[in-house]
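Remarks on the structure that follows.
Computed from the coordinates by the stated procedures, all read-outs in this text should not be read as laboratory data. It should be emphasised that the depicted structure is a prediction, and the values quoted were computed from it without experimental measurement. Glycine gets a Cβ as well: all are built from the backbone with ideal geometry, and neighbour counts include every protein chain shown.
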Amino acid sequence: MNPRRNELVEWKALSQRAAALRGQHLRALFAADPDRAGRFSAEAAGWFLDYSKNRIDQEALGLLLAYARACRLEAERDAMFSGEAVNRTEGRAVLHVALRDRSGRPVRVGGQDVMPEVRRVLGRMAEFAEAVRGGAWLGHTGKRVRNVVNIGIGGSDLGPAMVTEALRSYAERGLCVRFVSNVDATHFAEAVRDLDAEETLFLVASKTFTTQETLTNARTARAWLLARLRDERAVARHFAALSTNAALVAEFGIDAQRNMFPFWDWVGGRYSLCSAIGLPVMIAIGPGRFGELLDGFHAMDRHFAEAPLERNLPALLALLGFWYADFLGAESHAVLPYDQYLARLPAYLQQADMESNGKGVDRAGRRVAYPTGPVLWGEPGTNGQHAFYQLIHQGTRLVPCDFIGFCRSRNPLGDHHDKLMANLFAQTEALAFGRTEAEVAAAGTPPALVPFKTFEGNRPTNTLLAEELTPAALGALVALYEHKIFCQGILWDVYSFDQWGVELGKQLAGTVLKELTAPGDPELRHDGSTNALIARYRRLRRG
Ligand code: G6Q
């Protein structure tokens, strides 16, 4: 059996280096190395990463890289790209990289080249998207589609919802694209309340086509449509499915031959954005722009596959996160995009990261004796500055942050963008260097207030900069985080591509649901708290 990660000599060396660096301030690290910003930066696929404001030095970075190699990070990466069943707990390959492979080379799963099928589905999606965008796809009563409502949850919602918002400036504005995920009827009701059924197309996005929330919303959508159009045949013109499960799609009443866009079991839910799950995005921005998004993903994929770890952006981000989580006590990680279009990025990354690496046993099934994936959170700048940044600056917890920004705005109005970016740069500077007591006192602060106005600094940040929020830049950014998460799974020796916790949630609610609606006085066999809550709900649910 492999040694546990924290038994490796490389781990122990990191532990010692962390102890030595704990008392070092970023001020001292910058003073000691004038070329620090040049030394600790790297670039790929349109993204520049400055990681110099991190609590590392050359020696720590060398030890982190040595640890990555001791974990066989490069070999594991190559195994994923070559279609090996690296998702071992589910016995599946992990090949979201094939979905955006633009090289023309075959990508094999079990000996079979999957690329012809990937291209065929992309081609069908493009035809469909063009037909909807151009008005050729007509609803049951002959009207063109003006509203697209995507019904899906988790991996079948967060990615397309995030990208549709992020690339809104490239979208066909005559089309309204909305997302319904929550089984709370409010989500559906509010999404359709001002829509004309004759002009509305529903996309039912579900890999398994068994998910309670999605099927409930899809059935409600069908009833809503039929109540207005009064003809079963309308379903064929107003519903399409994005799924791997043709049998259940057909059972729902959607023509699986013509109106279903398939994907495959080697695409994980939270990694499915570039598959048929991306259809709402393609309808919004068009197949050409969608292709540019895939180009950006592919460029970062190639960088991840080929660049040495020393210059490899996903590997570097992964190692830094690992360093803070396991050696410097950080429990969370903030993602702070300085772009309003990226408002949904933290929510998207929350799933990608926390569902992948929120694991407590290693690959040998042993309880891990070290922290794994952190709590990921964030909000767009500058809003966060007027809210939770206080804790990052002066609180007692260490919160490493990623600051993400662009050199040009999609909406260049007046001096907004310079002000936005000035805030980004100023925040990372203040977090790193703080304001010493002496500086605060020298500014004429009354002595009693000096402790309150002193900023310790030494708060680590990464800065990610790209020229402009283009589809390609966004694709590369998402791929960067996907691969960072992959690398961290290797560093922590956990399986990143299963989600048994999610599966549990899917089962548990089923039992309780029956009890909420059972006639009479059903016997409740939960704990005292759950029994009492269910009983209270049963008494009050009808008002
Ligand atoms: C993602 C998870 C989960 C999944 C949803 C929806 O990796 O497995 O978020 O995407 O539960 O599942 P379906 O697409 O099968 O409806």
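At a 10 Å Cβ-Cβ cut-off, how would you order Lys514, Lys359, Lys484, fewest neighbours first?
Arranged by neighbour count, lowest to highest, Lys514, Lys359, Lys484 become Lys514, Lys359, Lys484.
Which of the aspartates and glutamates could a cross-linker bridge to Lys143, judged by Cα under 13 Å and excluding same-chain residues fewer than eight apart?
Candidates past the 8-residue exclusion: Asp196, Glu198, Glu199.
Take the Cα of Ala305, step 7 Å along the line toward its Cβ, and report every residue of region 8-45 whose backbone nitrogen sits under 17 Å from that point.
45
Which residues in region 128-145 place their backbone N less than 19 Å from a point set 7 Å from the Cα of Asp196 along the Cα-to-Cβ direction?
Correct set: 132-145.
Asn423 versus Glu130, label points 7 Å from Cα toward the beta carbon: distance in nm?
Result: 4.2 nm between the two label points.
What number, in percent, do you get for the relative contact order of region 427-543 if the mean sequence gap of Cα pairs under 8 Å and at least 6 apart is divided by its residue count?
With pairs under 8 Å counted, the relative contact order is 16 percent.
Take every DSSP beta bridge whose two residues both sit in the chain, then give the antiparallel share in percent to the nearest 5.
Percent antiparallel among DSSP bridges in the chain is about 30.
Put +1 on the Cβ of every Lys and Arg and -1 on every Asp and Glu Cβ in region 90-194; which of His187, Leu122, Leu95 then has its Cα farthest towards the positive end of the dipole?
Value computed over the given set: Leu122.
On a 27 Å Cα-Cα criterion, which of the cross-link pairs Lys12/Lys453; Lys12/Lys53; Lys453/Lys484; Lys207/Lys359; Lys53/Lys359 come out too long?
From Lys12/Lys453; Lys12/Lys53; Lys453/Lys484; Lys207/Lys359; Lys53/Lys359, over 27 Å: Lys12/Lys453; Lys453/Lys484; Lys53/Lys359.
Taking the Cα centre of region 206-361 as origin, sum charge times position over the Cβ atoms of Lys and Arg (+1) and Asp and Glu (-1), and report the length of that vector in debye to the nearest 20.
Once rounded to the nearest 20, the dipole reads 760 debye.
With +1 on each Lys and Arg Cβ and -1 on each Asp and Glu Cβ, and nothing else charged, work out how big the dipole of the chain is about its Cα centre, in Debye to the nearest 20. Don't skip to the answer; put the middle values down first.
On the way: 63 positive and 62 negative charges, 205 e Å.
Its charge dipole is roughly 980 debye.
Give me the Kirkwood hydrodynamic radius of the chain in Å, from all C-alpha pairs, to one decimal place? If you can, show how the numbers build up before the last one.
Working: mean 1/r = 0.0395 Å⁻¹.
By the Kirkwood definition, the hydrodynamic radius is 25.3 Å.
Let a ≥ b ≥ c be the square roots of the eigenvalues of the Cα gyration tensor of region 443-539; is it rounded (a/c under 1.5), or, if not, prolate (a/b larger than b/c) or oblate? Mind dumping the intermediate values first?
Working: a/c = 3.05, a/b = 1.59, b/c = 1.91.
Oblate, because a/c is 1.5 or more while a/b does not exceed b/c.
Which of the listed residues, Trp47, Ala136, Gln16, is farthest toward the dipole's positive end in the chain, when Lys, Arg count +1 and Asp, Glu count -1 at the beta-carbon?
Ala136
Evaluate the relative contact order of the chain (contact order divided by residue number), counting alpha-carbon pairs under 8 angstrom at least 6 apart; express in whole percent.
Relative contact order of the chain: 19 percent.
What's the magnitude of the charge dipole for region 105-152 around its Cα centre, counting Lys and Arg as +1 and Asp and Glu as -1 at the beta-carbon? Answer in Debye, nearest 20.
Dipole of region 105-152, to the nearest 20 debye: 140 debye.
Test of understanding: what is the full-extension gain from Trp500 to Arg105, defined as 0.36 nm times their sequence separation minus their Cα-Cα distance?
Contour length minus Cα-Cα distance gives 138.8 nm.
Going through region 59-149, which trypsin sites (Lys or Arg not before Pro) have at most 16 other Cβ atoms within 10 Å and a DSSP loop state?
For trypsin sites (Lys or Arg not before Pro) across region 59-149 that sit outside H, G, I, E and B with at most 16 neighbouring Cβ atoms in 10 Å, the list reads Arg72, Arg88, Arg102, Lys143.
Sum -39500 (n - 2.57) across every DSSP H segment of at least 4 residues in the chain, then divide by the residue count to get the 222 nm mean residue ellipticity, nearest 500.
Calculated from helices alone, the mean residue ellipticity at 222 nm is -15000 deg cm²/dmol.
Check each of the trypsin sites (Lys or Arg not before Pro) in region 199-235 and keep only those in coil by DSSP with at most 10 other C-beta atoms within 10 angstrom; list them in order.
Listed in order of number, the matching sites are Arg230, Arg233.
Would you please put 23-34, 374-385 in order of how densely packed they are, using the mean number of other Cβ atoms within 10 angstrom per residue and starting with the highest?
Top of the packing list down: 374-385, 23-34.
Which length gain, in nm to one decimal place, applies between Arg27 and Glu7 when the Cα-Cα distance is subtracted from 0.36 nm times their residue separation?
So the extension gain works out to 3.9 nm.
Using DSSP to call loops (not H, G, I, E or B), can you name the trypsin sites (Lys or Arg not before Pro) in region 373-472 whose Cβ has at most 14 other Cβ atoms within 10 angstrom? Mind dumping the intermediate values first?
On the way: sites: Arg397, Arg408, Arg410, Lys419, Arg435, Lys453; in loops: Arg397, Arg408, Arg410.
Filter output for region 373-472: Arg397, Arg408.
Can you tell me the FRET efficiency between Glu523 and Val375 if r is taken as the Cβ-Cβ distance and R0 is 45 Å, rounded to the nearest 0.05?
0.70
Quick check: residue separation of Arg168 and Arg539 times 0.36 nm, minus the Cα distance between them. What number comes out in nm?
Length gained, Arg168 through Arg539: 129.0 nm.
Have a look at Ala422, Gln488, Gln212 and report the one farthest towards the positive end of the charge dipole of the chain, computed about the Cα centre with Cβ charges (Lys/Arg +1, Asp/Glu -1).
It is Gln212.
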